[in-house]
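A quick write-up on the structure given underneath.
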Amino acid sequence: MAKKTAMDCVKLARDPKRPHIWDFIGNICSDFEELRGDRLVSDDRALIGGFATIGDEKVLVLGHHKGANVEENLAANFGMVNPDGYRKAMRLAKLAEKFGNPVVTFVDTPGAYPGDTAEARGQAEAIAKSLEVFALLRTPIVVVITGEGGSGGALAIAVGDRVLMMENAVYSVISPEGCAGILWRDGTKAPEAAEALKITAADLKRLNAVDVIVKEPKGGAQNDHRAACENVKKAVLAALKGLKKIDVDELVAKRYGKLRAMGDFS
């Protein structure tokens with residue numbers, strides 16, 4: 001059997017049949033109360049948030065929403081979040097901090113929305129502020145990269161104490177197609193770019209960019225949503241169990257140190 005390539009993982013991560021945020025909520029959470037709006041502009045449907053129960057843990061769930069069909073894709077802007085969505089995420093994260101609830105985020109986006117309306121409303125500022133808020137949040141944060149982890153659009157809700165990554169997910173500063181277009185002006189070189197970018201779970205685990213690889217059912221999570229979600233649930237609960245034992249001041253200091261150490265291979 002041929003070895004799975006980085007581009008194979010990209011295709012699996014983008015498979016529209018993979019479990020999306022509502023699949024994870026439905027299979028992992030015993031209850032979920034959605035909270036909407038950033039209290040400034042709108043309620044961005046590309047990012048879902050609310051309080052939930054996972055096992056015996058009361059948590060805040062945040063996640064990108066791509067949609068499972070054309071109508072949902074359009075309503076959710078294909079998972080590309082506007083500034084309103086990131087401001088909603090920050091608002092809810094601060095609520096979780098206030099009530100002492102851990103935060104669990106599910107990352108699956110090709111990237112933040114790059115349109116002029118998003119730029120006019122402060123897209124870069126919203127992402128930067130989100131990074132600051134999550135870096136200093138005084139409650140445990142578990143991140144799960146479930147599909148595409150695309151650039152700053154993903155990173156805005158991917159700052160955490162434990163970063164879990166599903167086996168066939170990808171996480172990168174740029175898409176392979178975008179990288180190929182910049183480096184070689186040739187989109188057909190996307191497979192080479194995917195290999196060079198080191199975007200697979202195995203590569204990122206070796207580079208200490210993620211902490212845990214969550215196994216998927218045979219052939220990928222799209223073949224068995226329930227089994228895939230159960231694996232994620234077990235990994236999330238295991239991460240939370242360890243993090244809840246750490247004093248909050250130490251937790252934030254360790255999170256900051258973890259972020260500062262990324263990219264240091266000496």
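The values are calculated or read from the model by the stated rules, or taken from the named source; none is laboratory data. Note that this is a predicted model, so its numbers are computed, not measured. Counting neighbours? That spans all protein chains shown, and the Cβs are built from the backbone with ideal geometry, glycine included.
Which of (1) touching a residue at least 12 places away in the same chain (Cβ under 8 Å); (2) surrounded by fewer than 18 Cβ atoms within 10 Å (Cβ to Cβ) is the odd one out, the single condition ALA120 does not satisfy? Single failed check for ALA120: (1). Condition check for ILE127 on (1) of a type in the set (A, V, I, L, M, F, W, C); (2) under 22 Å from VAL41 (Cα atoms); (3) in contact with a Phe, Trp or Tyr (Cβ under 8 Å, 6 or more places away or on another chain); (4) crowded, with 23+ Cβ neighbours inside 10 Å: one failure, at (4).
Let me confirm something: among ALA89, ALA68, which residue is in contact (Cβ under 8 Å) with a residue 40 or more places away in the chain and buried (at least 24 other Cβ atoms within 10 Å of the Cβ)?
On the way: ALA68 fails: buried (at least 24 other Cβ atoms within 10 Å of the Cβ).
Step by step, each of ALA89, ALA68 is checked, and only ALA89 is in contact (Cβ under 8 Å) with a residue 40 or more places away in the chain and buried (at least 24 other Cβ atoms within 10 Å of the Cβ).
When residues in region 6-26 are screened for being in contact with an Asp or Glu (Cβ under 7 Å, 6 or more places away or on another chain) and surrounded by fewer than 20 Cβ atoms within 10 Å (Cβ to Cβ), 1 of them pass. Filtering region 28-58 to residues that are of a type in the set (A, V, I, L, M, F, W, C) and either assigned to a loop (DSSP other than H, G, I, E, B) or on the phi > 0 side of the Ramachandran plot (or both) leaves LEU35, LEU40, VAL41, ALA46. If you filter region 219-240 down to residues that are basic (Lys, Arg) and under 18 Å from the mean Cα position of the chain (by Cα), you find that the one that is farthest from CYS29 (Cα to Cα) is LYS234. At least 3 residues being within 30 Å of LEU92 (Cβ to Cβ) and under 11 Å from the mean Cα position of the chain (by Cα) is the threshold, and among the helices (runs of 4 or more DSSP H) wholly inside region 141-207 those reaching it are 151-155. Among residues belonging to region 26-49 that are more than 17 Å from ASP108 (Cβ to Cβ) and among the small types (Gly, Ala, Ser), point out the one that is nearest to the chain's Cα centre (by Cα). Among residues in region 26-49 that are more than 17 Å from ASP108 (Cβ to Cβ) and among the small types (Gly, Ala, Ser), the one nearest to the chain's Cα centre (by Cα) is GLY37. Taking region 31-57 as the search range and keeping residues that are among the basic types (Lys, Arg) and surrounded by fewer than 15 Cβ atoms within 10 Å (Cβ to Cβ), which one is modelled with the highest pLDDT? Looking at residues that are among the basic types (Lys, Arg) and surrounded by fewer than 15 Cβ atoms within 10 Å (Cβ to Cβ), I get ARG36.
When you look at ALA235, is it modelled with pLDDT of 95 or more and within 30 Å of ASP23 (Cβ to Cβ), yes or no? Working first, answer last.
Numbers: modelled with pLDDT of 95 or more: yes; within 30 Å of ASP23 (Cβ to Cβ): yes.
Spelling it out, ALA235 is indeed modelled with pLDDT of 95 or more and within 30 Å of ASP23 (Cβ to Cβ).
Scan region 211-266 for residues that are β-branched (Val, Ile, Thr), crowded, with 18+ Cβ neighbours inside 10 Å and part of a loop (DSSP other than H, G, I, E, B) and the total you get is 0. If SER151 meets every condition in (1) buried (at least 21 other Cβ atoms within 10 Å of the Cβ); (2) under 20 Å from GLY67 (Cβ atoms); (3) out of contact with any Leu (no Cβ under 7 Å at 6 or more places or on another chain) apart from one, which number is that one? Going through the list (1) buried (at least 21 other Cβ atoms within 10 Å of the Cβ); (2) under 20 Å from GLY67 (Cβ atoms); (3) out of contact with any Leu (no Cβ under 7 Å at 6 or more places or on another chain), SER151 breaks only (1).
Quick one: which residue in PHE51, PHE106 is in contact (Cβ under 8 Å) with a residue 60 or more places away in the chain, among the aromatic types (Phe, Trp, Tyr), in contact with a strand residue (DSSP E or B) (Cβ under 9 Å, 6 or more places away or on another chain) and under 30 Å from LEU237 (Cβ atoms)?
Result of the check over PHE51, PHE106: PHE106.
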